[in-house]
Structure formats: C-alpha cells, structure tokens
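Report on one structure; see the data block that follows.
The values are calculated or read from the model by the stated rules, or taken from the named source; none is laboratory data. Keep in mind the model is a prediction, meaning the values are calculated, not measured. Cβ: placed from backbone, ideal geometry, glycine included. Neighbour counts: every protein chain shown.
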Amino acid sequence: MALECKDNEKRIKCRLNTQAILPDGHGDFMPCPELLTEDEAIRYLRLDVNGPRNPSSTLKYYRDQGVLRGIRIGRNLRYPRKQTENCHGWCVGMER
C-alpha cells in the first residue's frame with residue numbers, strides 16, 4: 001500500500017493506492033485479477049448479496065446497456081476489473 005500526497009497551491013491531494021480484493025464466497029478475500037470471470041464479476045459487484053434474483057441476467061443487462069464490456073476469450077466472457085469498477089459507479093448512481 002502506497003500513499004501519495006501532492007501540495008498544489010495550498011491544496012493537499014492524497015491518494016491511497018491499495019490492491020483490489022474480491023470476496024471468495026467463503027467469508028475470506030483474495031486478490032482481484034485483472035480479468036474477472038462471470039462469477040467473480042458477480043461477487044465483485046456484490047450482486048450475490050441482497051441483489052437481483054438472477055445476477056447473470058443483470059450482467060447481461062449491463063452489457064446490453066453499454067455499461068459493462070465483456071471480452072470473449074475462447075468460449076468464455078471475461079470482464080476487465082477497471083471496467084467493472086466503472087460499472088459499479090454507474091450502478092450506485094442509478095440507486096439515487
């Protein structure tokens with residue numbers, strides 16, 4: 001974990017760099033990969049906890065809306081973590 005601070009004309013900006021973590025489904029956490037499987041994306045977005053009845057359909061809805069981009073690798077879809085973080089911000093904005 002690194003802490004960066006910049007003093008910019010009486011304004012101090014601090015940014016805390018931390019590694020993204022992902023719930024492993026058993027009450028623990030693990031480092032979050034750069035490309036997420038569908039199950040990992042569901043856990044990362046917390047769709048499996050008090051979320052929609054069908055989290056897989058919700059991911060498809062986000063893809064159809066252009067909020068989340070899936071990358072096809074072979075027969076599987078993978079979700080870039082940065083894209084998933086942007087989707088999380090969009091989802092939080094929709095709740096308001």
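ASN76 meets all of the listed conditions (1) out of contact with any Asp or Glu (no Cβ under 9 Å at 6 or more places or on another chain); (2) exposed (fewer than 13 other Cβ atoms within 10 Å of the Cβ) but one, namely (1). Quick one: what pairs do we get from the range 33-58, first residue β-branched (Val, Ile, Thr), second outside any helix (DSSP H, G or I), C-beta under 6 Å, 6+ apart or different chains? Once the first residue is β-branched (Val, Ile, Thr) and sits in the range 33-58, its partners that are outside any helix (DSSP H, G or I) give ILE42/ASP48; THR58/LEU47; THR58/PRO52. The set of residues in the range 31-49 being surrounded by 13 or more Cβ atoms within 10 Å (Cβ to Cβ) and assigned to a strand (DSSP E or B) consists of LEU35, LEU36. For the range 41-67, give me each residue that is closer than 18 Å to ALA20 by Cα and in contact with a Lys or Arg (Cβ under 9 Å, 6 or more places away or on another chain). Within the range 41-67, ALA41, TYR44 qualify.
For the range 40-66, the set of residues classified as charged (D, E, K, R) and within 12 Å of the chain's Cα centre (by Cα) consists of GLU40, ARG43, ARG46, listed by residue number.
Listed here are the residues, each with its yes/no results for (1) in a loop (DSSP other than H, G, I, E, B); (2) modelled with pLDDT under 90; (3) not acidic (Asp, Glu).
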position	(1), (2), (3)
LYS13	no, yes, yes
GLY27	yes, yes, yes
GLY51	yes, yes, yes
LEU77	no, no, yes
LYS82	no, yes, yes
HIS88	no, yes, yes
